[in-house]
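Working notes, beginning with the structure itself.
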Amino acid sequence: VRQDVLKLAELGFGYSCEKFLSLQLETDTFGPELPFSRIPSVDVEESGGYKFILVKHQSRYFVFAREECSYHRYNLQLFREKNDIRAICCGGGRIHFNKEESSISIWDYSADYGWEDRKITETLLSAYYPSYTLDIEWRN
């Protein structure tokens, strides 16, 4: 049953991040128990615009984006493969990184996973890029 629920959560079929986490999985049995403190909280390509995701593993959140990922689910797959952890996606959107103007824009949402918690995304990006201006689109 848990694998079915995980698959539904991955595909975004009616399970939000909070709903999925409320299922109270006793342990993270999806990947090796490696220390994940080595994984940066923000891992985005620092040029152009593309899709991003907010990911959660245990109690920690990550912002991840790669330009070559044309779908949010591809970002999630790449994040899992790169970091060797079985994190869940809490939503996503689009990000535009402008080094010349020291600005980051966040807007839109993921058709696969829905809106992420923009406050968490903003907090992580602000901490990682303190000298950058953030332009955040908030949902109504």
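On the beta carbon distance between Ser59 and Ser126, with R0 = 22 Å, the FRET formula returns roughly 0.65. The length gained on full extension between Ala111 and Glu81, counted as 0.36 nm times the residue separation minus their Cα-Cα distance, comes to 8.6 nm. Summing charges over all other residues whose Cβ lies under 13 Å from the Cβ of Lys99, with Lys and Arg as +1 and Asp and Glu as -1, gives -4. Highest mean first, the peptides 81-88, 116-123 sorted by other C-beta atoms within 10 Å per residue fall in the order 116-123, 81-88.
No lab work stands behind these numbers, since they all come straight from the coordinates. Since the model is a prediction, treat every value here as computed from it, not as a measurement. All Cβ positions, even for glycine, are placed from backbone atoms using ideal geometry, and neighbour counts span all protein chains on display.
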